[in-house]
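Only one structure is covered here, and it is reproduced in the block below.
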Amino acid sequence: MYKSFNISDNIFYVGVNDRSKQLFENIWPLPKGVSYNSYLIRDEKVALIDAVDICYSELFFNKVDAVLGKTPIDYLIINHMEPDHSGAIAWLVNRYPDIQIVGNNRSADMLKGFYNISDNVLIIKDKESLSLGKCNLQFFLTPMVHWPETMMTYAQEYKTIFTGDAFGSFGTLDGAVLDWQTVPEKYEDEMIRYYSNIVGKYGSQVQVALKKLADVEIETICSTHGPVWTKNENLDKVVALYDKLSRYDSDKGLVIAYGSMYGNVEQVAEVIAAEAAANGIKHIVLHNVSKSHNSEILRDIFKYRGLLIGSPTYNNKLYPGVESLLSAIQNRAMKNRYFGYFGGFTWAGAAVKHLKEFAENSGFEIVEPSVEIKQSLNESTFESAVALGRNMAEKLNNL
Ligand SMILES: Cc1cc2nc3c(=O)[nH]c(=O)nc-3n(C[C@H](O)[C@H](O)[C@H](O)COP(=O)(O)O)c2cc1C
Ligand SMILES: [Fe+2]
Ligand SMILES: [Fe+2]
């Protein structure tokens, strides 16, 4: 049994919470779960905006029934075809055989490929509209936020925009759906982790989408994950956050991510951190790559301007966890960071050489000196580590 939940007069929340899945996309840990949001607009015609993960189909249909009873759904608007939202579509079509599916050329291709559905598909173009009676829906194509078919749907009469993954957050909706029903700050870190890991590669496309929507009057943002944003201050905050993250802009702070098997490279990280703190840097996060998941490290790298990476030499290469982190940073086309590096070896060094190559190809502003220890810190490498911490702090203090 469900009590139907209104977002506004005729817009209902029919999404679900996932507190079972360990890894989103089978990669990203979900310590606070995730919600798959779906919305119903009840007008002369009934439109469903996005669906949910297939595992939650039954629960989802129960929620839809709580709003509609036996009334059928006329349109399914697909903003995004990733299966966390489209999984329930085949069953939905089975349940509502006359439902018309609304998407763009690219979503139609995916609909056919994933679910073998090609009948009753209405293909719309950028900025086209569809009337539900009183309410008019307008579609904005926003490719690569987060897939090529991604679009947003604007319900003009309600000044409400359904944004797909954009402005989404990890974290379930624990009772509250709307921002003002809860303490929205509790989603802040998970929203940044969601952005940096899932959407982070597509900063320039997010910028294009934000510009496209600049003149659209928006009073409510309904994303496919996390709370619905309705309060002016929160709308401003989440839009500003997306703008900032997608420009790779960041705050004064330092991430030191390192691998270390026996603690020697870790000691270099400690010396650098202590010196940066002594020089006034208040936000310093040390991540041991073997303990912190890349998703947390990337979240903090998106937050802070300073980045230092350290690695022991491992079988003549970088430490595996560091290699994987570097690849994740490259994959996100990370920009606009102060970058330094340090490493160690016991008989023939390779880590610092590889970090140097990474640094030179990164486009980051390099902070000197790099530090290379043989077995453990000595007087000279200790001084270099202190200098690296001090020089990084100086750069950050000039922000
Ligand atoms: C499995 C393994 C492989 C290593 N491979 C190399 C190597 O190829 N070349 C080298 O100079 N040191 C190698 N080392 C030594 C480390 O690079 C490093 O000097 C040592 O682990 C001390 O640093 P740590 O305390 O931060 O782990 C290796 C160590 C281990 C445990
Ligand atoms: Fe997605
Ligand atoms: Fe999603």
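The values are calculated or read from the model by the stated rules, or taken from the named source; none is laboratory data. Every value quoted in this text rests on a predicted model; they were computed, and no experiment measured them. Here the Cβ is made from the backbone with ideal geometry for all residues, glycine too, and neighbour counts use every protein chain on show.
Of note:
Residue by residue, here is whether (1) of a type in the set (Gly, Ala, Ser); (2) out of contact with any His (no Cβ under 6 Å at 6 or more places or on another chain); (3) more than 19 Å from Thr142 (Cα to Cα); (4) surrounded by fewer than 22 Cβ atoms within 10 Å (Cβ to Cβ) holds:
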| position | (1), (2), (3), (4) |
| --- | --- |
| Leu241 | no, yes, no, yes |
| Gly263 | yes, yes, yes, yes |
| Val271 | no, yes, yes, yes |
| Leu286 | no, yes, yes, yes |
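Table: residues versus (1) in a loop (DSSP other than H, G, I, E, B); (2) more than 24 Å from Asp109 (Cα to Cα); (3) in the same structural domain as Asp53 (by TED's automatic domain parsing).
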| site | (1), (2), (3) |
| --- | --- |
| Trp147 | yes, no, yes |
| Tyr154 | no, no, yes |
| Ala166 | yes, no, yes |
| Ala176 | yes, yes, yes |
| Arg193 | no, yes, yes |
| Gly200 | no, yes, yes |
| Val208 | no, no, yes |
| Lys211 | no, yes, yes |
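- Unique match (being away from ligand 2 (no atom under 16 Å from the Cβ), of a type in the set (Lys, Arg) and not in a helix (DSSP H, G or I)) among Lys186, Lys134: Lys134
- Flag for Lys112 being away from ligand 3 (no atom under 16 Å from the Cβ) and assigned to a loop (DSSP other than H, G, I, E, B): no
- Residues located in the range 218-253, provided they are assigned to a helix (DSSP H, G or I) and touching an Asp or Glu at 6+ places or on another chain (Cβ under 7 Å): Asn234
- If you go through the range 347-387 and keep only what is at positive phi and under 35 Å from the mean Cα position of the chain (by Cα), you end up with just Gly363.
- Condition met for Asp215 (away from ligand 1 (no atom under 16 Å from the Cβ), out of contact with any Asp or Glu (no Cβ under 9 Å at 6 or more places or on another chain), within 27 Å of Ala387 (Cβ to Cβ) and free of Cβ contacts under 8 Å to residues at least 60 places away in the same chain): no
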